[in-house]
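Everything below concerns the one structure shown next.
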Amino acid sequence: MSFCTVFQLCRRPLFAVALTGSALATLPLFAQDAVDLGTIVLEGTGASPISGGTGYSVQTTATGIKSGVPVTEVPQATGVVTSQELEDRDPVQIEDALAYVPGVVASPWGVDDRYDQFLIRGFDLGTSGIYRDGLLNKAMNFTGFKIDPYMVQRIDVLKGPSSVLYGSNDAAGMINIITKRPEFEPFTEARVSYGSHNTVEFGLDTGGSNADKTLAWRFTGLTRNGANAIKGSQDDRDLLAFGLTYAPTDRTSITFLAHWQQDNLTANSFMPVAGEDYDAALGALPDSFTNAQHPWNKFATKQASIGWQAEHAFSDNLKLRQNFRLARQSTSYDHLYFNGMILPDYTPSADSMNFAAFAVEEVGRTAALDTQLEYKSTFGEAENTVNFGIDLSRREVSGTMGWDNSYQVPISDPSYDFPVTMPGIYQDQTTTIEEKGIYVQDHLRLSNGVTVTAGLRRSWVENSVVDHLAGTSSTQNDSATTGMIGATWDLGNGFVPYASYAESFTTNIGTTFDGAQYDPTKGSQYEIGVRYAPIGTQLQFAAALFDITKSNVLTSDPDHPNFSIQTGEVRHRGLELEARGKLTEQFSLVAGYTHLDAKITKSNDGDAGNRTPLVPRNQASIWADYAFAGRAEGLSLGGGLRYVDQSWGDTANTRSVDSYLLADVALRYEKDGYSTAFGVTNLFDKDYAATCDASVGCIRGEGREITLTLAKKF
């Protein structure tokens, strides 16, 4: 079977220009005679912009400035989850790994294993703000390309608009997940864990290199069989990931990354609440029903990806980089879910719940290419780095959907003891999104400690839909120009203040009542802040004030209720505080606080002046870890608290969601290459609602989860 047959993406010459016939062609590049560049740091040190960091801190990043710079020179707030944090907290999902990042609300949709979901600065990115190794990893429809933390060495969170570097993206920012890379020193780790709901997991991470250190490889494998708190749920995964780095000289390196993954997961489950969604006299629904699902439900996926990250220096001043990835996922999804206190004809029901059977069979494919040419120069004592890039992406999802809302369940005697038949298909279509972008980013470092960063991008997006049932097709073309400018100033005593302005855009599909195509939603952010790293320590402090406005937001057309117009606007203003690193040789911490003033400033729905739904006004977290010395050396104890303030479940602010405080703990012991880890999230098994909706009740947050892990390093 050919490569093109497996991924079915070779039928269109999307990347032909970028891969052949120009100075940007890198495939023949690696066969050329080598020239001397200087050391390329591939892995393991805090100085590398993609390394796992040192302890709870990192020094550099390539997420906010693609050429790679110290974090203090990025004029936007940037959060990082290091490899040490990932090891200490051992998160099951990416969203769990983000739980202690200021400005991020993890798992806003509660127990939902299908995707990694989060808010950044109050904006619900869902799954549309995830990138992997600098390339988009966004969901399309129900294709989510979920990433397992075991194949991750670091997570960067760029807060605020990022469209100059990454194209169509929300004003909130983006998550960049850095995959584990090959190392040039041999290593092996094997692990086994057992946790709540009879969850068993085995993992293996191993790698090595050839004798002359020009070729390194890494293999990561994981298999898990388990469930979550929902009765009848599944949390199963099989994962194989492989990396190969070839670095024949100090000027040239290429890393190939591939993975295969198979999941059987569980969807979320909204449930009505007595006294809010129906008459309290009927009594609360029993836990045996609310913590269960119909046996018909399933969420089964298979995904695979392959790509490379390449770099070659023509001279000390001129460098070429290219990142590329192909990915494919098939999804088979059946879900019987609560559809409201209504009857099948949509009339209100006082004593029975309507359930709808929803079925999806689809295949999603993505291809992404980012080619960058970097040029460094000096002006007197100033250093300048300009990065010119061209990126192209193509996303396609094709499949069918079925729906049937004929199922009624009485409040007085709720049960899933009834058959569900496959619903009739109401949609069969193929959606394709192609995006092209040209961008330039300039980073000027002056001798007085000031850096100035500026960027500009032009993007073109084409959305096309083929309706296989109706035999019709439609296409929408959008374009946008976005920019950013910012500055930092190293005062020489550990203090680095900064200021910036940045823009973003996202496309809107459809037309107004008059037939005019919707324009992209625009985002803009003003941000000022300061970073402080006390000299001679591994501590980092940061504070940021920001003001984000999203305009051209769709809101209801008062003259034509079935249509929308673009007069909506949302504004989020806030403060973020963060502290991270080592207080002493034994004591490390990550602490943060966020205050958000999130408002709908313009709307035709009567919601102007209300708070944006899902957004807590205040949020705080702290995680501390203590490594014992002396006779107890090898023993470490970690613990954390996470507080999320009250929020609203709808734009009308009629459904309130209570605040909650959660506690986590982790106990580890290491000796002679062996380690034992005991972790608990939501230690006191707090029963809370992650969010609620005015029409379909509330969805529970994740309850207590316990995991015991045994590992051996060779």
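(1) under 25 Å from S51 (Cα atoms); (2) at pLDDT below 95; (3) polar (S, T, N, Q): which one isn't true of S233, the others all being true?
All conditions pass for S233, except number (1).
How about region 398-420: which of its residues are more than 23 Å from S349 (Cα to Cα) and of a type in the set (S, T, Y)?
S398, T400
Looking at region 267-275, can you tell me whether even one residue there is in a loop (DSSP other than H, G, I, E, B), modelled with pLDDT of 95 or more and crowded, with 19+ Cβ neighbours inside 10 Å?
yes
Please go through region 229-247 and give me each residue that is under 16 Å from G208 (Cα atoms) and surrounded by fewer than 21 Cβ atoms within 10 Å (Cβ to Cβ), ordered by number.
F242, L244, Y246, A247
When you scan region 295-303, do you find a residue that is charged (D, E, K, R), in contact (Cβ under 8 Å) with a residue 40 or more places away in the chain and either out of contact with any Gly (no Cβ under 8 Å at 6 or more places or on another chain) or buried (at least 19 other Cβ atoms within 10 Å of the Cβ) (or both), even just one?
Checked region 295-303: at least one residue is charged (D, E, K, R), in contact (Cβ under 8 Å) with a residue 40 or more places away in the chain and either out of contact with any Gly (no Cβ under 8 Å at 6 or more places or on another chain) or buried (at least 19 other Cβ atoms within 10 Å of the Cβ) (or both).
Do we find a residue being surrounded by fewer than 16 Cβ atoms within 10 Å (Cβ to Cβ), more than 20 Å from S588 (Cβ to Cβ) and at pLDDT 95 or above anywhere in region 628-637?
The answer is no; no qualifying residue exists.
Among the residues of region 481-509, write down those that are in contact with a Gly (Cβ under 9 Å, 6 or more places away or on another chain), hydrophobic (A, V, I, L, M, F, W, C) and part of a strand (DSSP E or B).
M484, I485, W489, V496, A499, A502, F505
Go through (1) under 23 Å from D370 (Cβ atoms); (2) hydrophobic (A, V, I, L, M, F, W, C); (3) at pLDDT below 95 one by one and return the number of the condition V157 breaks.
(3)
Kindly indicate which of I548, I565 is modelled with pLDDT under 95, touching a Pro at 6+ places or on another chain (Cβ under 9 Å), more than 20 Å from W489 (Cα to Cα) and part of a strand (DSSP E or B).
Selected residue: I565, the only one of I548, I565 that is modelled with pLDDT under 95, touching a Pro at 6+ places or on another chain (Cβ under 9 Å), more than 20 Å from W489 (Cα to Cα) and part of a strand (DSSP E or B).
Taking only pairs six or more apart or across chains, which ones have beta-carbon atoms under 9 Å, a first residue in region 458-473 that is touching a residue at least 40 places away in the same chain (Cβ under 8 Å), and a second residue that is among the aliphatic types (A, V, I, L, M) and assigned to a strand (DSSP E or B)?
S459/I438; S459/A480; V461/I433; V461/A480; N463/I433; L469/I425
Can you pull out every residue in region 345-400 that is charged (D, E, K, R) and either modelled with pLDDT under 95 or more than 30 Å from G449 (Cα to Cα) (or both)?
Listed by number, the residues that qualify are D345, D351, E361, E362, R365, D370, E381, D391, R394, R395, E396.
If I filter region 656-685 down to residues being in contact with a Lys or Arg (Cβ under 8 Å, 6 or more places away or on another chain) and part of a loop (DSSP other than H, G, I, E, B), which single residue comes out as farthest from A624 (Cα to Cα)?
Applying the filter and picking the extreme gives G673.
Test of understanding: among I411, I425, which residue is of a type in the set (A, V, I, L, M) and out of contact with any Leu (no Cβ under 6 Å at 6 or more places or on another chain)?
From the options I411, I425, the qualifying one is I425.
Taking the conditions exactly as written (in contact with a Leu (Cβ under 6 Å, 6 or more places away or on another chain) and β-branched (V, I, T)), does V105 satisfy them or not?
Judged against the criteria, V105 is a match.
Could you tell me which numbered condition G536 fails, if it satisfies all but one of (1) part of a strand (DSSP E or B); (2) under 30 Å from G634 (Cβ atoms)?
(1)
Hey, does region 547-554 have a residue that's of a type in the set (D, E), in contact with a Phe, Trp or Tyr (Cβ under 8 Å, 6 or more places away or on another chain) and more than 22 Å from K599 (Cβ to Cβ)?
No, there is no match, as no residue in region 547-554 is of a type in the set (D, E), in contact with a Phe, Trp or Tyr (Cβ under 8 Å, 6 or more places away or on another chain) and more than 22 Å from K599 (Cβ to Cβ).
Of everything in region 388-436 that's surrounded by 15 or more Cβ atoms within 10 Å (Cβ to Cβ) and assigned to a loop (DSSP other than H, G, I, E, B), which residue is nearest to the chain's Cα centre (by Cα)?
Checking each candidate, the answer is P423.
Give region 231-245 a look and list any residue that's touching a residue at least 40 places away in the same chain (Cβ under 8 Å) and over 21 Å from the mean Cα position of the chain (by Cα), or say none.
Answer for region 231-245, where residues must be touching a residue at least 40 places away in the same chain (Cβ under 8 Å) and over 21 Å from the mean Cα position of the chain (by Cα): K231, G232, S233, Q234, G243, L244, T245.
Within region 486-532, which residues are touching a residue at least 40 places away in the same chain (Cβ under 8 Å), surrounded by 15 or more Cβ atoms within 10 Å (Cβ to Cβ), hydrophobic (A, V, I, L, M, F, W, C) and more than 24 Å from F563 (Cα to Cα)?
A487, W489, V496, A499, A502
Is it true that A620 is at pLDDT 95 or above, buried (at least 22 other Cβ atoms within 10 Å of the Cβ) and of a type in the set (G, A, S)?
Criteria not met by A620.
Which of the residues belonging to region 307-365 are of a type in the set (F, W, Y), farther than 21 Å from D391 by Cβ and assigned to a strand (DSSP E or B)?
Y333, Y337, F338, F355, F358
Tell me yes or no: at least one residue of region 119-132 is assigned to a loop (DSSP other than H, G, I, E, B), in contact with a helix residue (DSSP H, G or I) (Cβ under 7 Å, 6 or more places away or on another chain) and either surrounded by 22 or more Cβ atoms within 10 Å (Cβ to Cβ) or free of Cβ contacts under 8 Å to residues at least 60 places away in the same chain (or both).
So far as region 119-132 goes, no, none of its residues is assigned to a loop (DSSP other than H, G, I, E, B), in contact with a helix residue (DSSP H, G or I) (Cβ under 7 Å, 6 or more places away or on another chain) and either surrounded by 22 or more Cβ atoms within 10 Å (Cβ to Cβ) or free of Cβ contacts under 8 Å to residues at least 60 places away in the same chain (or both).
Residue by residue through region 158-176, note down the ones that are of a type outside the set (S, T, N, Q), at negative phi and either in a loop (DSSP other than H, G, I, E, B) or surrounded by fewer than 23 Cβ atoms within 10 Å (Cβ to Cβ) (or both).
Passing the criteria: P161, D170, A171, A172.
Would a scan of region 339-350 turn up a residue that is touching a Leu at 6+ places or on another chain (Cβ under 6 Å) and within 20 Å of I433 (Cβ to Cβ)?
For region 339-350, residues touching a Leu at 6+ places or on another chain (Cβ under 6 Å) and within 20 Å of I433 (Cβ to Cβ): absent.
Could you check, for region 366-387, whether at least one of its residues is surrounded by fewer than 19 Cβ atoms within 10 Å (Cβ to Cβ), touching a helix residue (DSSP H, G or I) at 6+ places or on another chain (Cβ under 7 Å) and either assigned to a strand (DSSP E or B) or of a type outside the set (K, R) (or both)?
No, region 366-387 contains no residue that is surrounded by fewer than 19 Cβ atoms within 10 Å (Cβ to Cβ), touching a helix residue (DSSP H, G or I) at 6+ places or on another chain (Cβ under 7 Å) and either assigned to a strand (DSSP E or B) or of a type outside the set (K, R) (or both).
If you go through region 217-238 one residue at a time, how many are touching an Asp or Glu at 6+ places or on another chain (Cβ under 6 Å) and over 24 Å from V680 (Cβ atoms)?
Here the count works out to 1.
Just to verify a result, which residue in region 448-491, among those that are in contact with an Asp or Glu (Cβ under 6 Å, 6 or more places away or on another chain) and among the hydrophobic types (A, V, I, L, M, F, W, C), is farthest from E381 (Cα to Cα)?
L469
The values are calculated or read from the model by the stated rules, or taken from the named source; none is laboratory data. Since we're looking at a predicted model, the values are computed, not measured. Heads up, the Cβs are rebuilt from the backbone with ideal geometry, glycines too, and the neighbour counts pull from every protein chain shown.
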